[in-house]
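Peer 1: A single structure is presented below for examination.
A short reminder: the numbers here are calculations on the coordinates, not readings from a lab. If you're wondering where the values come from, they're calculated on a predicted model, not measured in any experiment. Every residue, glycine among them, receives a Cβ derived from its backbone with ideal geometry; neighbour counts consider all protein chains shown.
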Amino acid sequence: MSAPALSAEQEALFRLIEDTREHVFITGRAGTGKSTLLRHLTWNTSKQIAICAPTGVAALNVEGQTIHSLFRLPIGLIADSDLDQNDATRKILNAMDTLVIDEISMVNADLMDGIDRALRQARGRRAEPFGGVQVVMFGDPYQLAPVPPRGDEARYIADHYRSFWFFDAHVWAGQAPAADGLIDLGRHGADLHIRELTHIHRQSDDGFKAMLNAVRYGRVTKEIADVLNAKGARTPPDDPHDPVITLATRNDRVNAINAKHLAQLPGREQKARAEISGDFGRGDAYPADEELKLKVGAQVMFLRNDVASKGEPPRWVNGTIGTVTKIVGETVRVEVDHEEFEVEPSVWERYRYAYDPHTRKLTREVVAEFTQFPLRLAWAVTIHKSQGKTYDRAVIDLGAGAFAPGQTYVALSRLTSLDGLYLTRPLRPSDIRVDEDVRRFMRGVWERQGAQMRVG
């Protein structure tokens, strides 16, 4: 599949990353092309880069490594604990020019400072933020938050940080934690450049874009809520050839919906068990179901883009919804938009960075493989797992209410247009939640940088 061309603002950001040593945080509303820019950077940079993410699934999506495994950081609170670095880790951290972190909004302040300290220690440049490595971060704090700390962790964070968000790490304030207290970096503290992609590629209707903005920033008026609720108060069509997916807040709700619909289908249930080689981590790090249960007639979602022949358009993309029409041996046939395709198992590769002493460059090694059909039952999916997906139509089921800031925005912003919205119940004011620390941080960014924050 050929890569999409960069827009003018994406190209300007690529040049900022490529031509400078600036630390950059790239944010933007859903559908503005953050992932497209990251992929372009991966394949076109001349720098020695390492790509990482806070979770196993996020790392797989960017063909990188988890933060903890790349830096050999302890799980849980890091604080001022000793960092054990073997020779291989030190060589990797010394070889990189640029560190790329995806889904940065899920990284907490303590982990951000842990990354900083690990790089200073490995590179022997303790007075320099990140040991002289350029840090480039992608994410949207309005969509995903770090896991809130609990117990002693929460008390430590409250005592040492303004908030647990990555942007409140000491490294950005010009201080870095050390075993003997704080190193005051003064003017040598890391300067974070924030750039916001503004052109939305997912939606074209300006009215719907404005409504999504209002949800994103927590500024939903009665008029906007009335429009969304009126449009969503419809019964979705029940057509197996034209499926609609439900986006729900909770896993148990999603599993119940999928199990109910699968059981109602006639015919024999068939199972496909994933083949796993190497250390692929635990089940929550798997990119697909370890045991996929299917029947003819099952509604499924593709979990990967189609690798089309050169010059041919992709037959499906990550998030495409279809219906199983036939299951034979090692293939499953799926109907998408009244056209049938034969789907074969896909291989997801888990990578680990290594240092090649001959070329003096970073390399990537495949350390584990996960082979499974790139499909998931998709009468329903959690809002969290819909992240990054695009749907023409969806039923949004907020159940007892959105329980995380940004959850309602993520759900609504998956849709390409207002015409595809179905709601199981009207939106309530309590469903529109914005984290106050995010609001404070972004307000400060706008006040300091104004129009300069936006490129293009």
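Peer 1: What shape does segment 326-410 have by the C-alpha gyration tensor, where a ≥ b ≥ c are the square roots of the eigenvalues, rounded means a/c under 1.5, and otherwise prolate means a/b greater than b/c and oblate the rest?
Peer 2: oblate
Peer 1: Which far-off residues, 5 or more places away or on another chain, put their amide H under 5 Å from the one on N305, with H placed in the peptide plane?
Peer 2: Sorted by chain and number, the residues that satisfy this are N318.
Peer 1: Hey, with R₀ at 25 Å, roughly what FRET efficiency would A127 and R440 work out to, going by the Cβ-Cβ distance, to 0.05?
Peer 2: The computed FRET efficiency comes out at 0.25.
Peer 1: Count neighbours as other Cβ atoms within 10 Å of each site's Cβ, and list the chymotrypsin sites (Phe, Trp or Tyr not before Pro) in segment 365-408 that are DSSP loop with at most 14 such neighbours.
Peer 2: Passing sites in segment 365-408 are F403.
Peer 1: Given 0.36 nm per residue, what is the gain on full extension from T235 to E349 after removing their alpha carbon distance, in nm?
Peer 2: Details: separation 114, 0.36 × 114 = 41.04 nm, distance 4.07 nm.
Gain on extension, T235 to E349, equals 37.0 nm.
Peer 1: Given Cβ point charges of +1 (Lys, Arg) and -1 (Asp, Glu) and nothing else, what value in debye, to the nearest 20, does the dipole of the chain about its Cα centre take? Mind dumping the intermediate values first?
Peer 2: Values: 58 positive and 62 negative charges, 94 e Å.
About 460 debye.
Peer 1: Quick one: which of 281-288, 87-94 comes out on top by average Cβ neighbours within 10 Å, and what's the full order, highest first?
Peer 2: 87-94, 281-288
Peer 1: Next question. Over the chain, calculate the relative contact order: mean separation of alpha carbon pairs under 8 Å at least 6 apart, over the residue count, as a percent.
Peer 2: 19 percent
Peer 1: Moving to a separate point now. Suppose each label sits 7 Å from its Cα in the direction of the beta carbon; what would the D80-H338 distance come out to in nanometres?
Peer 2: Here the answer is 6.9 nm between the modelled labels.
Peer 1: I would also like to ask the following. Kirkwood Rh over alpha-carbon pairs of the chain, then Stokes-Einstein at 37 °C and 0.692 mPa s: what D in µm² s⁻¹, rounded to an integer?
Peer 2: In µm²/s, the coefficient rounds to 140.
Peer 1: Hey, can you rank 134-140, 210-216, 99-105 by average C-beta count inside 10 Å, highest first?
Peer 2: Top to bottom by mean Cβ count within 10 Å: 99-105, 134-140, 210-216.
Peer 1: Under a Cβ-only charge scheme (Lys and Arg +1, Asp and Glu -1), can you give me the dipole magnitude of segment 195-349 about the Cα centre, in debye to the nearest 20? Can you show the working numbers first?
Peer 2: On the way: 22 positive and 26 negative charges, 127 e Å.
In total the dipole reaches around 600 debye.
Peer 1: Also, I was wondering about something else. What do you get for Rg/Rh of segment 214-273 when both radii come from the Cα atoms and Rh is the Kirkwood radius?
Peer 2: Using Cα coordinates only, the ratio equals 1.13.
Peer 1: Could you tell me the calculated FRET efficiency between E11 and S35, based on Cβ-Cβ distance and R0 = 22 angstrom, to the nearest 0.05?
Peer 2: Values: r = 16 Å, r/R0 = 0.71.
Here the calculated transfer efficiency is 0.90.
Peer 1: What are the ³J(HN,Hα) couplings of segment 417-426, residue after residue, when phi is run through the Karplus curve with 6.51, -1.76, 1.60 and θ = phi - 60°? Round to Hz, x for glycine and proline.
Peer 2: 7, 5, 5, x, 8, 10, 10, 6, 7, x
Peer 1: Shape of segment 244-287 from its Cα gyration tensor (a ≥ b ≥ c, root eigenvalues): rounded if a/c is under 1.5, otherwise prolate when a/b > b/c, or oblate?
Peer 2: Details: a/c = 3.33, a/b = 1.41, b/c = 2.37.
Here segment 244-287 falls in the oblate category.
Peer 1: To continue, here is another question. Return P(r) of segment 1-108 (all Cα-Cα pairs; 10 Å bins starting at 0; whole %; ordered from short to long distances).
Peer 2: P(r) for segment 1-108, in whole percents per bin: 12, 41, 34, 11, 1.
Peer 1: Cα atoms only, segment 259-412: Rg and Dmax in Å?
Peer 2: 18.1, 60
Peer 1: Could you name the lysines in cross-link range of K271, using Cα to Cα under 18 Å and dropping any fewer than eight places away on the same chain?
Peer 2: Cross-link targets: K260, K293, K295, K326.
Peer 1: In whole angstrom, how far apart do the alpha carbon centroids of segment 1-64 and segment 213-255 sit?
Peer 2: Using only Cα atoms, the two centres lie 30 Å from each other.
Peer 1: Would you kindly derive the ³J(HN,Hα) couplings of segment 375-391 from the backbone phi angles with the Karplus curve 6.51 cos²θ - 1.76 cosθ + 1.60 (θ = phi - 60°), listing them in order in whole Hz, with x for Gly and Pro?
Peer 2: 9, 9, 3, 9, 5, 8, 8, 5, 4, 4, 6, 7, 3, x, 8, 10, 10
Peer 1: Under a crude label model (7 Å from the Cα following the beta-carbon direction), how far is R162 from Q48 in nanometres?
Peer 2: 3.5 nm
Peer 1: What FRET efficiency comes out for the pair V328/V307, r = Cβ-Cβ distance, R0 = 22 Å, nearest 0.05?
Peer 2: It comes to 0.55.
Peer 1: Which order do peptides 327-334, 268-275 fall in by mean Cβ count within 10 Å, highest first?
Peer 2: 327-334, 268-275
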